[in-house]
Each structure stands twice: as C-alpha cells, then as structure tokens.
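What follows is a short report on a single structure.
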C-alpha cells in the first residue's frame with residue numbers, strides 16, 4: 001500500500017473516531033432518568049405492624065439542562081387481596097425528609113400525609129440539576145385496619161418543564177400485611193402507671209407527689225432515634241391562672257442501653273427524654289418520673305395541661321401519645337403564732353406596784369396561696385385581771401406592731417392602748433402575699449396595783465377581705 005492510500009485510510013479512521021465521540025456526547029447530553037432504592041434494601045415496599053415505616057430514596061440523573069418536576073401517583077390503591085372493596089386510603093401515608101435534597105423545591109410535608117395521585121413532590125431549579133431526595137412511607141391508625149394482605153402500586157414520573165423531552169415513569173410495588181391478632185402493638189407504647197390517660201400530681205398526698213410513665217419499645221430500629229416531649233399549651237386553671245411549668249421535673253429511670261434525662265425542668269419547648277445508641281439499640285422498657293417542686297409560692301387551684309410525646313428519627317417527628325397533666329395545688333390559708341405555746345393568753349406574773357414596764361411579744365405568721373387580700377384581727381376578751389378579780393385599767397396596757405420584712409400594712413406602728421374587744425392589726429398587700437409581723441404588748445404597773453399574776457385571753461383571726 002502506498003503513502004497516499006495510507007493517508008486516506010488514516011483520514012477515514014479519524015473521521016469515524018470523531019463521529020463516535022460526537023455520538024457519545026449526544027447520548028450523554030440526552031441523559032434524563034429517575035430511579036429509586038429502598039433505604040432498608042429490597043425491591044418492593046413491604047410494611048406491617050412491627051415495621052410501619054420505611055424509606056425510599058429517589059434519584060434524578062439528568063444532563064439535559066432542562067427544568068423538571070417529579071409527580072407521584074397512586075396507580076393502584078392498596079386493596080385487600082381477599083376483599084378488594086376494603087382499601088387503605090387515609091391509613092397509607094408518606095412524608096419527606098428535609099435536607100435530603102440539594103437544589104430544587106422539595107414540596108413534600110414533613111408530617112404524615114395520605115398518599116394521593118398527581119402529587120407534585122419536587123420541582124428542580126431552572127438549570128435542571130440532578131438531585132436526590134428521601135421519602136418515608138408508612139401506616140397510621142393500624143388498629144383500625146382490617147387484618148389481611150394488601151397490595152398496590154405507586155408511580156414516580158420525571159416530567160420536563162417547558163421542553164418536548166419525553167417524560168420517564170418508574171413503578172414501586174407496595175405490600176402491607178396486617179396480622180390476624182386482635183391487638184396490634186405500636187413500636188413504642190407510653191402509658192401511665194395507673195392506666196389512666198392523665199398524669200396526676202398533688203404535693204399533699206404521698207401517692208401523687210410524683211407520677212411514673214412506662215415506656216415500652218416493641219419495634220426495632222437500625223439508626224439512632226429519640227423520644228421527645230412537648231407541652232402544647234400552658235398549665236392553666238379554670239380562672240385562667242397559669243402555673244410555672246418548671247415546677248415539674250422529669251427523670252428517666254432504668255435506662256441502660258440508651259441515655260435518659262435526669263432532673264430536667266418541664267418546658268414549653270421540645271425536650272429530649274431518651275436517646276438510643278448510635279445504631280438504634282435501645283432498652284425494651286424504661287420509666288419517666290414526673291415530680292413536683294415546692295408549690296407554696298403558687299396560687300391554689302386545679303391546673304390542667306397536656307404533654308405530647310414524639311418519636312424523632314433523623315429529624316422527622318412522629319406523634320406517639322398525648323397524656324393529660326393535672327396538678328392540684330390545695331388551698332392554704334392559715335395563721336400561726338410564735339411562740340406556739342402562747343395559746344392565746346397574755347400573762348404577766350409576780351406584778352408589784354411601781355415595777356418597771358413589762359413586755360410580752362408574739363410573732364404572727366400567715367401562710368396563704370389563695371391570692372386574695374386578707375386581714376388579721378385580735379379580740380381581747382377583757383382587761384388584765386388576776387384570780388381575785390382585780391383589774392388593771394386599759395390605759396396601762398398598750399400594744400404596737402413591728403415590721404419583720406412585712407409586705408402588708410401594720411395598723412399599730414406606734415404604741416396605743418390595747419382595749420378589750422376586736423381590733424384589726426394588719427392588712428395584707430393587694431396580692432394576698434404570705435407574710436409575718438410582730439405584736440408587742442407592754443404593761444405599765446400603776447401605783448395602786450394589787451400584787452399578783454394578771455392575764456387576758458386574746459384571740460387572733462384571719463379573714464379574706
């Protein structure tokens with residue numbers, strides 16, 4: 001073969017090679033496809049009472065530089081194999097895991113939503129960058145589902161926007177098995193020790209100073225999860241008074257494989273009660289104990305609220321249970337006298353004419369949580385008298401009240417005669433705060449005093465205003 005022939009042959013090979021490269025570039029530019037994988041493996045979505053939720057990861061592979069959307073359709077509803085008239089509608093739900101996509105608008109809500117047809121799941125950015133996203137499919141209200149075997153089909157359609165490019169559809173088969181047992185246990189059960197649907201606390205009763213909640217984990221997990229609590233509303237009485245939620249503390253007991261909170265004040269924000277190990281290993285059961293702090297500074301009343309419990313998996317929350325919260329803060333409205341052996345008697349012993357002035361003191365303390373204004377009165381039964389019936393005139397017997405960091409108003413800041421009869425000693429502040437003050441009784445011995453022991457009975461009374 002001569003050089004000219006070789007040249008032509010080389011040129012032909014070069015032209016063919018260039019053509020192949022060009023054809024390869026065209027094919028690469030035409031890539032426009034969607035695929036899915038199950039996050040727990042397998043080729044079909046299988047759900048049951050023990051594993052009611054599973055994930056599906058969608059992947060769009062595209063080099064077409066065309067904006068697109070992904071549409072989900074329920075091609076065939078989940079029908080009971082033995083009785084096709086029984087269909088799972090509201091029980092078959094899905095949600096999206098936020099943060100699993102990178103570019104476009106992931107339109108799937110993060111809470112459980114029934115699976116419907118023609119649902120736009122995702123709209124890409126204007127340049128049509130390829131992306132991935134994760135959906136979670138599941139069953140809710142399993143106890144309401146007729147036992148049996150169900151099957152259906154979902155489709156995912158990759159549809160170009162503003163382009164004549166052909167759309168692409170992939171199909172996912174769904175299988176649901178509900179056992180014939182009369183009771184289907186949820187993955188996580190939360191119950192009170194009493195079996196009631198409310199946590200009851202009362203500091204005056206030993207059996208309700210704290211309350212235990214039993215948590216049982218029936219299902220298995222392959223990734224870390226947490227159990228959260230949330231207070232969706234204030235702890236409130238019928239008259240609108242609110243209780244500080246941090247007077248309730250929470251402690252998780254008997255948790256060995258996971259991590260439970262200790263002495264955590266209750267909050268109106270989401271709070272983590274329990275977290276599994278990184279691989280999802282967890283205790284079969286543990287106890288949540290709610291305890292009350294001192295309620296003496298809180299207004300009396302019956303307060304109610306609710307505590308909601310959630311399962312958190314990779315940032316996605318599923319509600320597990322709602323329990324009522326009832327706190328009884330019993331009424332306190334009493335008066336104490338210090339020293340307690342005073343017994344309502346003012347007594348002066350061994351009195352003689354021209355003795356120096358004598359004093360007798362009592363401290364009056366009021367404990368209350370009714371948040372109403374009140375007053376303290378005294379009733380002097382008679383003038384000071386001895387056993388022979390001799391009397392010391394009231395002008396020689398005086399009283400005054402003394403401040404002990406007192407919040408209310410003292411009625412006798414200066415010395416005045418302690419007349420027989422009833423007299424108001426003190427009026428509380430407008431809030432009806434607990435308070436205390438001192439009463440000082442002083443006797444001046446007259447020159448014509450008959451020697452002996454003199455006393456008078458005094459009664460103190462506490463009254464709402």
A correct Kirkwood calculation over the Cα atoms of region 31-178 returns a hydrodynamic radius in Å of 15.8
Computed over the Cα atoms of region 333-464, the Rg and Dmax in Å are 15.6, 50
Roughly how tilted is helix 3-29, in degrees to the nearest 10 and between 0 and 90, from the longest Cα axis of the chain?
30
Sequence ranges 305-314, 230-239, ranked by mean other-Cβ count within 10 angstrom, highest first:
305-314, 230-239
Share of Cα-Cα pairs in the chain beyond 41 Å, whole percent, is 53
DSSP-defined beta bridges in the chain - what % are antiparallel, rounded to 5
95
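Each value in this text was obtained by applying a stated rule to the coordinates, not by laboratory testing. For clarity, every value in this text was computed on a predicted model and none was experimentally measured. Because the Cβ atoms are built from the backbone with ideal geometry, glycine has one as well, and the counts that use them run over all protein chains shown.
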